[in-house]
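Notes to accompany the following structure.
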Ligand SMILES: [Zn+2]
Ligand SMILES: [Zn+2]
């Protein structure tokens, strides 16, 4: 959990405190898939007491265990997402939707960090820009070397014909 101890800050309007937090996080769920973190999430945040609220700004970064959309191999996806939230202890309902209520001396930013992260995640990610992916013909991981059918672009009609010819030769 990413939590800021704002006990002192709460009582000091106009003051600003910086925080550096590290925390392990449970896997996140995206499109029905569980994605695990590869190591702790680090947050570098600045909290300011504006008199009415506590404004928290900064970034959260870390690694996620992704699967490459081209070659399907697992790899570490590094992320850095922004965080900018307004927290208030004011009891009355506020008109502003962006203001997040909190009570006590601990300000938990975990769910806001996760929301920001999920918004920033790509639907598809590649292990590296030059990833060759899998051969559509035989499924060979082309990063690990060329396959038997390398170099030929397989037209589905041609490949059906080839299968028939292959069957006749066997
Ligand atoms: Zn790849
Ligand atoms: Zn192939």
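With respect to the chain, whose longest principal axis is taken over its alpha-carbon atoms, helix 110-120 is tilted by about 40°.
Summarised in one figure, the compactness ratio Rg/Rh of the chain, Cα atoms and Kirkwood Rh, is 1.26. The angle between the Cα long axis of helix 156-169 and the longest principal axis of the Cα atoms of the chain comes to about 40 degrees, rounded to the nearest 10.
The value of relative contact order for the chain, using C-alpha pairs under 8 Å at least six residues apart, is 18 percent.
Each reported figure results from applying straightforward, stated rules to the coordinates on display, with no laboratory input. Not measured: the values here are computed from a predicted model.
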